[in-house]
Amino acid sequence: MTTSGTYTFDPSLGELTLYAFNLCQLRNTSLTQEHMQSARMATNMLLATWSNKGVNLWAVDLVTTPVTQGVSTYSVDPNTVMILDAYMVTPESGSNIDRVILPVSRSEYATYPNKEQQGFPTVYWFDRLINPTVTLWPVPDGGSTSALKYYRVRRLQDAGMANGQTVEIPYLWLEAFAFGLAYRLAMIWNPQLAPVLKGEAKEAYDVAAEQNIEQASQFISPQIFGYYRP
């Protein structure tokens, strides 16, 4: 058996667009500038939907924000979709110790009677505005912690046709992207085929999403030691 020995298949958005139009039963020679303009819009709408649907692991990164004594609220990059895990960095004995803090809702934060209380932060409130912020409580006291770190999911990069640009998705998501784009284009250019492509797009997305997880075991067990008191 002879194989290529390469792993470089990474089609451009233009190539994926032509394939999506082919799935819509439109030949390459029939496409016009108007077709390509609608494809560009459909592509970015599709990526926005994927950002809404869940955790795209390839778009997760770690953000470090220095904290200041007496300052509770800090700006968050507007490209942040959600915060996954957050922790405070505590300098101790010449090294940094990370301590996890937990999220709270707006309603829970509103119940805190003294929002200016200083100490070691134990919770955070992510206010999902157009220009989002994260608020810590208790407010950093300047001595117990030096920085806030959090893993966040960011939005996917804009997709464009120029200069052979590729879409910011991994190999395993190419088919899901092609069928998702084809479905959106069919709604415009071949509505009769849209119901079929909708089903194909959902199936391809579900297959890709099954692999878009962290392979880690989780165990849940009750604490029953209290039943065996001497």
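The values are calculated or read from the model by the stated rules, or taken from the named source; none is laboratory data. Quick caveat: nothing in here was measured; it's all calculated off a predicted structure. Glycine gets a Cβ as well: all are built from the backbone with ideal geometry, and neighbour counts include every protein chain shown. The accessibility values were calculated without ligands, DNA or RNA, using every heavy atom of the protein model including side chains. Shrake-Rupley method; radii C 1.70, N 1.55, O 1.52, S 1.80 Å.
Residues being in contact with a Lys or Arg (Cβ under 8 Å, 6 or more places away or on another chain) and open to solvent by 50 Å² or more (accessible area, probe 1.4 Å): count how many of those fall in region 20-47.
Going through region 20-47 one residue at a time, the tally reaches 1.
Are any residues in region 1-54 basic (K, R) and part of a loop (DSSP other than H, G, I, E, B), and if so, which ones?
The answer is R27, and nothing else.
How do the pairs read when you match residues in region 177-201 that are within 22 Å of S51 (Cα to Cα) with residues anywhere that are assigned to a helix (DSSP H, G or I) and among the basic types (K, R), using Cβ under 7 Å and keeping only pairs 6 or more apart or on different chains?
Y183/K198
If you go through region 72-80 one residue at a time, do you hit one that is acidic (D, E), within 29 Å of N212 (Cα to Cα), at pLDDT 95 or above and not in a strand (DSSP E or B)?
Yes, some residue in region 72-80 is acidic (D, E), within 29 Å of N212 (Cα to Cα), at pLDDT 95 or above and not in a strand (DSSP E or B).
For residues that are of a type in the set (V, I, T) and surrounded by 17 or more Cβ atoms within 10 Å (Cβ to Cβ), scanning just region 162-203, find the one that is nearest to the chain's Cα centre (by Cα).
The extreme case among them is I169.
One residue is enough: does region 39-58 have a residue meeting the conditions more than 18 Å from R154 (Cα to Cα), aliphatic (A, V, I, L, M) and touching a residue at least 40 places away in the same chain (Cβ under 8 Å)?
For region 39-58, residues more than 18 Å from R154 (Cα to Cα), aliphatic (A, V, I, L, M) and touching a residue at least 40 places away in the same chain (Cβ under 8 Å): present.
Are there strands (runs of 3 or more DSSP E) fully within region 82-161 with at least 1 residues that are surrounded by 16 or more Cβ atoms within 10 Å (Cβ to Cβ) and of a type in the set (D, E, K, R)? List them.
Correct list: 147-154.
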